[in-house]
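Each remark here refers to the structure printed beneath this line.
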């Protein structure tokens, strides 16, 4: 978050909708996918004025992965509520969560406590104060 006086720049992640899938195209199990929309925005007195860098993600409940949607038309259709089949050609693996200890990558640039992006040089998370490994 960047804030000067009465205006600032912030990043926001918003869960758009749950998608029930009969067979997950990534792990071939039954599960749910959550469509996430992440963007940066400029605000004036905490009122958002405009957005940029809009990205869409799919978070899977069956295989604990987050995929970035590379097909923007598919992302807009899913956001509007149109049930469109998702294929591996439309997405790219962004992050895989390990159920035992957190992240797959030990030198991750995400805080394992609050899941927010932090610099790899930080010793403590600036958002939650958790010590980074």
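Of the residues in segment 49-65, at least one is in the same structural domain as residue 95 (by TED's automatic domain parsing), farther than 16 Å from residue 93 by Cα and surrounded by 12 or more Cβ atoms within 10 Å (Cβ to Cβ). When segment 75-123 is filtered for residues that are surrounded by fewer than 15 Cβ atoms within 10 Å (Cβ to Cβ), part of a strand (DSSP E or B) and modelled with pLDDT under 80, the ones remaining, listed by number, are 96, 98, 117. Of 32, 40, 64, 53, all but one fail to be in contact with a strand residue (DSSP E or B) (Cβ under 7 Å, 6 or more places away or on another chain), on the phi > 0 side of the Ramachandran plot and modelled with pLDDT of 85 or more; the exception is 53. Part of a strand (DSSP E or B), buried (at least 16 other Cβ atoms within 10 Å of the Cβ) and touching a residue at least 40 places away in the same chain (Cβ under 8 Å), is that true of residue 35? Spelling it out, residue 35 is indeed part of a strand (DSSP E or B), buried (at least 16 other Cβ atoms within 10 Å of the Cβ) and touching a residue at least 40 places away in the same chain (Cβ under 8 Å).
The values are calculated or read from the model by the stated rules, or taken from the named source; none is laboratory data. Being a predicted model, the structure only gives us computed values, none of them experimental. Neighbour counts run over all protein chains shown; Cβ positions are idealised from the backbone, glycine included.
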